[in-house]
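The values are calculated or read from the model by the stated rules, or taken from the named source; none is laboratory data. Source: prediction; values computed, not measured. Cβ sites come from the backbone with ideal geometry, for glycine too, and all protein chains shown count toward neighbours.
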């Protein structure tokens, strides 16, 4: 086997996608382009007609939480599963079966109900809350001064938040935003360009900063932003 082909073979990963809608097809295409193998499951065989044949693609007609279907999709060797059907209940059941019975390392479910998404996130099931994410993206563009949490770890203890830098921080060092055990500045967005943060970088008015924060320190972080650097 040629060296390049051997490298591709070694790094090839298998994924299971449940739901052949627009998201499922987009995920499938992305993974196939990177030379991974994909088993795509949907209960409607007509949806597969929108996909071009591919050597690394297997399509299966059936219910995504049916164990026999998942076994036919070789879920036992899958590195990841995405449940992207149109139903929250189905996606959660599929995700739980994949995680708890087949022990798939990376499992994600699309959820439309933000409240339920948060619940399952805390239970260790990674979720993408479509409505919440879309709303958040609109708010960021319509009201850029908005303060929000962009990411919460499954335990709920650590969040990554995005904040707008107030004018009184302009020209000041970002060093106060590096507090061990409480919060750490990780990235700065300035005039459309985002860079990794360091304590010696100076702030500009209207910068947007991304901070990893202990949930118990959020109030302290916001007080620091509003009060300004200590003289």
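Checking residue 70 against (1) touching a residue at least 60 places away in the same chain (Cβ under 8 Å); (2) crowded, with 24+ Cβ neighbours inside 10 Å, which test does it fail? Residue 70 satisfies every listed condition except (1). Within the range 52-67, the set of residues being in contact (Cβ under 8 Å) with a residue 12 or more places away in the chain and within 19 Å of residue 12 (Cβ to Cβ) comprises 54, 56, 57, 58, 59.
Among the residues of the range 19-28, those identified as in contact (Cβ under 8 Å) with a residue 12 or more places away in the chain and over 17 Å from the mean Cα position of the chain (by Cα) are 19, 20, 21, 25. With respect to the conditions (1) in contact (Cβ under 8 Å) with a residue 40 or more places away in the chain; (2) touching a strand residue (DSSP E or B) at 6+ places or on another chain (Cβ under 6 Å), residue 107 lacks only one, and its number is (1). Selection of the range 10-53 for residues being touching a helix residue (DSSP H, G or I) at 6+ places or on another chain (Cβ under 9 Å), within 13 Å of residue 84 (Cβ to Cβ) and surrounded by 21 or more Cβ atoms within 10 Å (Cβ to Cβ) yields 15, 16, 17, 18, 19, 20, 24, 38, 40, 41, 42. Considering the range 210-231, and only residues there that are within 12 Å of residue 176 (Cβ to Cβ) and in contact with a strand residue (DSSP E or B) (Cβ under 7 Å, 6 or more places away or on another chain), the residue that is surrounded by the most Cβ atoms within 10 Å (Cβ to Cβ) turns out to be 211.
Free of Cβ contacts under 8 Å to residues at least 12 places away in the same chain and either on the phi < 0 side of the Ramachandran plot or out of contact with any helix residue (DSSP H, G or I) (no Cβ under 6 Å at 6 or more places or on another chain) (or both): is that true of residue 100 in this structure? Yes, satisfied. Meeting the requirement of 1 or more residues that are in contact with a helix residue (DSSP H, G or I) (Cβ under 6 Å, 6 or more places away or on another chain) and modelled with pLDDT of 95 or more, the strands (runs of 3 or more DSSP E) wholly within the range 167-231 are 183-190.
The conditions of being modelled with pLDDT of 85 or more and either under 18 Å from residue 220 (Cβ atoms) or not in a helix (DSSP H, G or I) (or both) are met by residue 160. Counting just the residues of the range 73-89 that are surrounded by 15 or more Cβ atoms within 10 Å (Cβ to Cβ) and in contact (Cβ under 8 Å) with a residue 60 or more places away in the chain, which one comes out farthest from residue 104 (Cα to Cα)? Top of the filtered list is 85. In this entry, residue 125 is excluded by the filter for residues that are under 27 Å from residue 95 (Cβ atoms) and at pLDDT 85 or above.
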